[in-house]
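No value in this document is a laboratory result; all are computed from the given coordinates. Nothing here was measured: the structure is a model prediction, and the numbers come from that model. Note that we place each Cβ from the backbone using ideal geometry, even for glycine, and neighbour counts take in every protein chain shown.
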Amino acid sequence: MSHDIAVRSVNAFELAAYSHQLERLYRKCFTSPPWHEPEERLAAFQGRLGQHMANSGSGGVVVADGDELVGVVYGWPAGQELASGSPFDDALATAATPAIARRLVAPAVVVAELMVDPGHQRRGIGRALLTRYVEDWPAAWLATHPEAPAATLYRQEGWQQECEFSVGENDPMVVFTWQAARKSYSMP
């Protein structure tokens, strides 16, 4: 990496300005195993990004090396109840027990995407992005492929594996949740 590394928090509008770089990053991250994203899903990224950024409070954190975007995490505050209406949302709602569902709603934050350019992985960028993104929240959750290398990172960072589900026939997913450390205060 160069000495021109920039890490910054961004709102939905600012994140949308990176849309073409985000699409290139998405293609780099999700064409290899275990993802093997088909071209139609890769091509639909811009539409999904627009839908994601339409969620109230959406935003994220980006890492750039000079002019090149090399990492991003983004999401939005969870709603009061689980979302429905998309294949992902409906499959998740079916798989989540009531106890799990309570951990996937407000006051949690949804981590929709965490991507680090494969050429910049194993340098702590993903860990730094994830830590910074959730640091002001009491709880967070995300879903990933059960064989994704990032699943190891989540476990190392104290995220708990909650449940598995499938979106369609060939899209296995696993849900991870995170809880901020509870601070205890003692009286002198």
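Numbers below:
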| item | result |
| --- | --- |
| Only Lys, Arg (+1) and Asp, Glu (-1) charged, at Cβ; segment 53-188 dipole about Cα centre in debye | 700 |
| Shape call, segment 116-170: gyration tensor on alpha carbons, a/c limit 1.5 | oblate |
| Low-density loop cleavage sites - GluC sites (Glu not before Pro) in segment 1-97, where at most 12 other Cβ are within 10 Å (DSSP) | E81 |
| Rounded, prolate or oblate (a/c below 1.5 giving rounded, otherwise prolate when a/b exceeds b/c) for segment 1-69 by Cα gyration tensor | oblate |
| Spin-label pair A101/S84, simplified geometry with 7 Å Cα→Cβ offset, distance in nm | 0.8 |
| Relative contact order computed over the chain (Cα-Cα under 8 Å; 6+ residues apart), in percent | 20 |
| Rounded, prolate or oblate (a/c below 1.5 giving rounded, otherwise prolate when a/b exceeds b/c) for segment 56-188 by Cα gyration tensor | oblate |
| Hypothetical label at Q156: residues of segment 119-137 whose amide nitrogen lies under 18 Å (7 Å Cα-Cβ projection) | 119-134 |
